[in-house]
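One structure is given below, encoded as structure tokens.
The values are calculated or read from the model by the stated rules, or taken from the named source; none is laboratory data. Just so it is clear, the structure is predicted and the values come from calculations on it, not from any experiment. Methodologically, a virtual Cβ is constructed for each residue, glycine included, from the backbone with ideal geometry; neighbour enumeration extends over all protein chains shown.
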Amino acid sequence: MPYRFIISLAIVTLLAAHPVFGALKILTPPRTGQKSGQAQEEKVSPVNVLSIVPAQGEPGISVTLYGTGFTDKTTAFLGNQEVPTRVLGPKQLSFDIPKLEAGLYALFLKRADGATSRIYNFTIMPQKPVATSLSPDKIDACSTGRDREVTVNGYNFQEKSQILFDGAGIRSRFQSSESISFMVPQVAAGLHNIQVKNTEDAASGVLGLLIDSKPEMESITQGETYVNYYNLIITGRNFQQGAALAITEEKSLEATGSPLAVDTKRIYSGTTNATERERVIFINCNRMIYQRYPYSPVQKSFTVQVINPNGEESSVVSVSAP
């Protein structure tokens with residue numbers, strides 16, 4: 001019995017002293033439901049783009065990408081330009097095209113963990129200018145100076161934008177991305193097409209500018225009085241060299257006052273009426289003088305109308321004068 005005890009004690013002492021045996025650890029089986037180290041790592045889907053809508057566009061529009069592996073820290077790249085994105089869902093992401101030059105760009109997505117998608121071709125189109133209105137949208141044919149300046153209102157205008165007048169480029173003055181002005185050239189009256197063209201050949205829609213040549217009278221006043229005639233001063237717009245006055249009046253029997261006949265005469269500027277010596281003097285497109293030779297100092301009612309050489313007529317104005 002003593003010998004057995006001594007041998008057992010020696011074995012225990014030997015095991016405790018030996019370095020290999022002293023390093024032994026007791027292993028216990030994993031609990032039910034516990035995963036191994038690799039299985040514990042969350043599995044993340046790769047960044048995969050299935051479709052891009054639209055596949056091309058101009059700066060400012062929104063692009064939507066459909067795919068998998070998107071997170072709220074996923075960004076888009078157009079070439080080397082990083083573009084912020086918006087996650088619309090687990091399989092949907094969008095971004096706005098920044099202001100970049102037109103051309104073909106490499107588009108890909110990059111996640112915060114460094115994972116990237118494949119590279120796709122994306123075309124940025126030239127930013128198209130949009131013209132919404134003209135101010136004014138009508139000018140007089142005989143207007144001059146600042147009265148011939150027109151402003152185009154809209155957006156997406158550039159400093160190098162150009163005005164197209166009936167398809168031909170003319171000088172313009174850039175004011176802002178929303179307005180650009182120009183001086184209307186001396187062209188024939190009528191309706192003309194106005195567009196804004198950016199440097200990348202992108203042009204706006206067409207706006208109509210009316211150059212109005214129809215004569216209009218604004219006032220008729222009595223001017224200087226001479227021995228046997230006086231001046232009627234006619235002011236208005238769009239009077240042309242060679243314009244005529246159509247004078248219509250009733251001639252009556254002085255005794256009874258009853259109308260005898262209606263007399264209409266046409267007097268051309270720069271000429272003299274051979275029988276009545278009456279004249280029309282053209283001053284400019286806003287002013288003419290009618291030298292009237294009355295046969296009586298009594299006030300009479302008559303009408304005046306301006307007729308331009310191209311046949312355009314003003315409205316008829318009633319006048320009461322000798």
- In segment 262-278, which residue that is modelled with pLDDT of 60 or more and within 19 Å of Pro322 (Cα to Cα) is surrounded by the fewest Cβ atoms within 10 Å (Cβ to Cβ)? Val262
- Given the residues Lys110, Lys73, Lys99, which is the only one that is among the basic types (Lys, Arg) and touching a Phe, Trp or Tyr at 6+ places or on another chain (Cβ under 7 Å)? Lys110
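Report yes if Ala244 is under 24 Å from Ile283 (Cβ atoms), surrounded by 15 or more Cβ atoms within 10 Å (Cβ to Cβ) and touching a residue at least 40 places away in the same chain (Cβ under 8 Å), otherwise no.
On the way: under 24 Å from Ile283 (Cβ atoms): yes; surrounded by 15 or more Cβ atoms within 10 Å (Cβ to Cβ): yes; touching a residue at least 40 places away in the same chain (Cβ under 8 Å): yes.
The answer is yes for Ala244.
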- Query: Tell me, which residue of segment 134-170 that is closer than 13 Å to Gln186 by Cβ and among the hydrophobic types (A, V, I, L, M, F, W, C) is surrounded by the most Cβ atoms within 10 Å (Cβ to Cβ)?
  - Reply: Ala141
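Conditions (1) more than 30 Å from Cys285 (Cα to Cα); (2) not polar (S, T, N, Q), marked per residue:
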position: Thr75; (1), (2): yes, no
position: Leu78; (1), (2): yes, yes
position: Lys99; (1), (2): yes, yes
position: Gly103; (1), (2): yes, yes
position: Ala112; (1), (2): yes, yes
position: Gly145; (1), (2): no, yes
- Which numbered condition Gly236 fails, given (1) at pLDDT 90 or above; (2) surrounded by fewer than 16 Cβ atoms within 10 Å (Cβ to Cβ); (3) small (Gly, Ala, Ser): (2)
- Task: Please work out which residue is surrounded by the most Cβ atoms within 10 Å (Cβ to Cβ), limiting yourself to segment 61-100 and to residues that are of a type in the set (D, E, K, R) and over 32 Å from the mean Cα position of the chain (by Cα).
- Result: Lys91
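Residue by residue through segment 171-216, note down the ones that are among the aliphatic types (A, V, I, L, M) and modelled with pLDDT of 95 or more. Don't jump to the end; show me each part of the working.
Our first condition is that a residue be among the aliphatic types (A, V, I, L, M); within segment 171-216, this holds for 180, 183-184, 187-189, 191, 194, 196, 202-203, 206-207, 209-211.
Matches in segment 171-216: Ile180, Met183, Val184, Leu191, Ile194, Val196, Val206, Leu207, Leu209, Leu210, Ile211.
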- Task: Look through Ser135, Ser94 and report the one residue that is assigned by TED's automatic domain parsing to the domain that holds Ser181 and polar (S, T, N, Q).
- Result: Ser135
- Task: Find the residue count for segment 86-100, including only residues that are out of contact with any Ser or Thr (no Cβ under 9 Å at 6 or more places or on another chain) and in contact (Cβ under 8 Å) with a residue 24 or more places away in the chain.
- Result: 3
